[in-house]
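See below for the structure under consideration.
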Amino acid sequence: MDSMEQRRNAIVDFVNDKGNITFAQLEKRFPNVSQMTLRTDLKFLDEEKKIVRIHGGAKSVDVVLGTDDYIGRRAVRNVEEKESIVEKAAALIRANTTVFLDSGSTTTALAKVWPDQPNFIFTSSMTCAMELSGLKQPTVFVLGGELNKYSMSVCGVAAIDSVKAVNFDMAFLGVTSYSADAGFSCGVLMESYLKQAVLQRSAEKIILMDSFKTDKKSAFHICRLEEADMVISDKNVSKEFRLECERAGVELR
């Protein structure tokens, strides 16, 4: 790998870690690289859809698209953390319950290991539905709405109205970001409304979130930490987040 490729990979990592950066932050991070070279790097990475250039800086694709990111690309990121989350979540699945399974790479991984047992499973995810289709005992309901080709999920008024008519025993929800002041958030307005509607109809509210999503904000609010019953994360979750969960009375696994 040449130095240019290494630098550009480092820029992507830097932007993803921060969520969004200013050009001044980029210059500070790479003090030995000229402004012209950094601007060329940003242009190239934007064209490759690895970051999103904005006026005066750049944003992570995750922040711009929220959970609306390319599903295939998300599936190969933070694989070890996702596996840990899925293992913990799978242990909670009970037979003869009604469950909402959100869209996303982590929930798709959970669908892959779903036990072949009686459940009513409602999902907004095409990829989850495909994984569940090989099971004989669960009854799977796919919400209606507009198809999003990036996340392979559906959302909209029809989907929101559908979940308002269901009593869920538990919901497995994905989020894009969490910060102490803003709570859980995502980057798509209608998706935030769908998640809120599901939370209102669920007896047990479970957030699936890897540790890389903490201390970040996305545009649209989902819920406060204390509105969840449980957060399932990975071993890299910060001490600060552990304390926040403890203060909010939310179980962290």
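The values are calculated or read from the model by the stated rules, or taken from the named source; none is laboratory data. Just so it is clear, the model here is predicted, and its values are computed rather than measured. Backbone-built Cβ (ideal geometry, glycine too); neighbour counts: all protein chains shown. Note: accessible area is taken over every heavy atom of the protein model, side chains too, but ligands, DNA and RNA are not part of it. Shrake-Rupley method; radii C 1.70, N 1.55, O 1.52, S 1.80 Å.
Contact annotation: residue pairs with Cβ atoms under 7 Å, 6 or more positions apart or on different chains, pairing a residue in the range 239-253 that is closer than 17 Å to residue 215 by Cα with a partner that is part of a strand (DSSP E or B), are 241/214; 242/252; 245/231; 245/252; 252/231. Only residues that are within 20 Å of residue 15 (Cα to Cα) and either touching a Lys or Arg at 6+ places or on another chain (Cβ under 7 Å) or open to solvent by 20 Å² or more (accessible area, probe 1.4 Å) (or both): list them for the range 189-211, please. Passing the criteria: only 210.
If you check 214, 176, which single one turns out to be within 30 Å of residue 14 (Cα to Cα), open to solvent by 10 Å² or more (accessible area, probe 1.4 Å), within 13 Å of the chain's Cα centre (by Cα) and without any contact (Cβ under 8 Å) to a residue 40 or more places away in the chain?
Details: 176 fails: without any contact (Cβ under 8 Å) to a residue 40 or more places away in the chain.
After ruling out the rest, the residue left standing is 214.
Of the residues making up the range 7-28, those that are open to solvent by 90 Å² or more (accessible area, probe 1.4 Å) and either part of a loop (DSSP other than H, G, I, E, B) or over 28 Å from residue 150 (Cβ atoms) (or both) number 1.
Give the residue, chosen from 116, 161, 181, 169, that is open to solvent by 30 Å² or more (accessible area, probe 1.4 Å) and in a helix (DSSP H, G or I). Can you show your working first?
Numbers: 116 fails: in a helix (DSSP H, G or I); 181 fails: in a helix (DSSP H, G or I); 169 fails: in a helix (DSSP H, G or I).
Being open to solvent by 30 Å² or more (accessible area, probe 1.4 Å) and in a helix (DSSP H, G or I) holds for just one of 116, 161, 181, 169, which is 161.
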